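Below is one structure, written out as structure tokens; the observations come after it.
Coordinate-derived values only; no laboratory data. Just so you know, these numbers come straight off a predicted model, no measurement behind them. Here Cβ is always computed from backbone atoms with ideal geometry, including for glycine, and neighbour counts include all displayed protein chains.
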Amino acid sequence: KLDLYTAKASLPTFAIAIIAVILIGAATKQPSVITAIAMMFATALGSTIFQVSEKNNLDKLYGVLPLKKLERVLARYLYALILGICCAAIMTIVALILYRALNITMETLPFLAVSGFSFAYYCFAVGISYPIFTRFSFSEAYIFTIAPIFLLFFLLMFLSKQPGFLTDMGKAVQFFSAHQYLILLCGVGVGLVFLAVSLSIAYSLSRKKEL
């Protein structure tokens, strides 16, 4: 509840950004991309709780409350998960509405792929940044919030240079074409694994950090 209240002040700015994303998606007639862009904004919104906590010394307040370190870390990740699910669900629904309103033919596989990848990327970005914010102050570590996008870029560059990459991608496309909804489930599953691993790392770091 404290984290939700802390992020409350940033919601109007986030809402304006989301409205702008929806308008861009409508103007470009690319509804599927709005989920991916919105999830990037959601990552930034999730990071604001660390900024506000540092600015107002909320860690000291949390320290005097009858809360274990594990409970505080779990609360942060639960907040991130709720934010990610809500944002992904809302933007997916909006995208479907735009497809219908603009009379655009929706290709199911690309749409599900973007939705699944967007959620997985959000969890990946949270998984990278939250442990860093747990160990270091927000002002020291803020620059690392852009690390996930660069890590993903270099990973894709590395994979693209591997022998047989295009062949493997072709096989993957064929498989998911026959099992389209699995690509969404894979995205969600991979995202949850990222969060689980990150949670364990953040908890380990929090035990070493002095309040």
Item to check | Highest average packing first - 102-109, 117-124, 199-206, Cβ atoms within 10 Å | outcome: 117-124, 199-206, 102-109
Item to check | Sorted peptide list for 32-45, 13-26, criterion being average Cβ within 10 angstrom, highest first | outcome: 32-45, 13-26
